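As structure tokens, the structure follows; a few thoughts come after it.
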Amino acid sequence: MPTYPQSIAAQLAALVAEVHRGTAPEAAGLRDLIDSACEHVAGAQYAGITVADRAAGITTVAASHRYPALLDEIQQRYQEGPCVSAAWEHATMHIRDLETDHRWPRYRHDVLSQSPIRSVMAFELFADGPTMGALNFYAERSYAFDDESVELGLIFATHVSLAWAVVRRQEQFRSALASRDLIGQAKGMIMERYRVDAVRAFELLKSLSQISNSKVVDVAQALITAEFPPPAHHR
């Protein structure tokens with residue numbers, strides 16, 4: 001008979017498989033995972049996924065309630081907090097009682113004054129160059145999370161990380177298709193206007209890319225926009 005963690009892992013695997021097959025929209029698939037996390041991780045009332053980028057800052061990509069997004073806004077404001085630390089330091093962060101935990105003083109002050117959250121667990125999800133992610137659990141009660149909570153939290157973090165990788169691959173695939181379409185359209189314009197073949201048209205695009213120090217797809221987009229400018233909006 002499977003243990004409780006094994007049973008949860010099986011359910012998570014099924015949810016990740018839905019994301020992988022494309023039967024669940026990406027955002028909805030991640031939301032299903034964190035909703036399941038709130039249901040099964042002992043003590044958890046809310047959950048969210050935080051993405052921290054050294055250039056773009058901190059964002060909430062999925063949340064079961066408004067509190068995870070609020071706490072991420074506070075972390076963005078001060079560039080400190082358990083979720084950021086979990087992401088950047090490749091570690092699990094556990095706040096048992098925010099009233100007595102002083103590791104992130106400015107974060108602590110605003111969370112205590114703006115929300116009822118008192119317990120937090122944060123698990124690293126992934127590291128992708130300058131971008132890091134964390135899965136976070138929250139509770140209004142102090143000492144809400146025990147050893148079983150940490151164990152199940154790690155299981156969920158592993159599976160959410162897999163789902164995130166699937167989502168990223170799907171986004172990259174769609175982006176590649178969109179880029180190919182733009183480049184193809186720009187090539188067609190060049191071929192028609194300058195009476196050259198497809199190979200020469202692409203060589204011209206690459207030359208423009210090198211001259212302007214821009215990506216080929218950006219050059220293609222600029223040519224298309226110049227040929228078909230968006231309609232002006234009149235007040």
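The values are calculated or read from the model by the stated rules, or taken from the named source; none is laboratory data. Please read all numbers here as calculations on a predicted model, not as lab measurements. Here Cβ is always computed from backbone atoms with ideal geometry, including for glycine, and neighbour counts include all displayed protein chains.
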Check Leu125 against each of (1) touching a residue at least 60 places away in the same chain (Cβ under 8 Å); (2) surrounded by 16 or more Cβ atoms within 10 Å (Cβ to Cβ); (3) farther than 26 Å from His159 by Cβ and name the one condition it does not meet.
(3)
If Trp88 satisfies all but one of (1) within 17 Å of Ala52 (Cβ to Cβ); (2) buried (at least 21 other Cβ atoms within 10 Å of the Cβ), what's the number of the condition it fails?
(2)
Looking at this structure, is Ala134 crowded, with 21+ Cβ neighbours inside 10 Å, in contact with an Asp or Glu (Cβ under 7 Å, 6 or more places away or on another chain) and within 19 Å of Val160 (Cβ to Cβ)?
yes
Do you know which residues across the stretch 185-199 are in a helix (DSSP H, G or I) and exposed (fewer than 14 other Cβ atoms within 10 Å of the Cβ)?
Gly188, Glu192, Arg193, Tyr194, Ala198, Val199
Return the only residue of Tyr107, Tyr67, Tyr46 being touching a Pro at 6+ places or on another chain (Cβ under 9 Å), under 20 Å from His159 (Cβ atoms) and modelled with pLDDT of 95 or more.
Tyr46
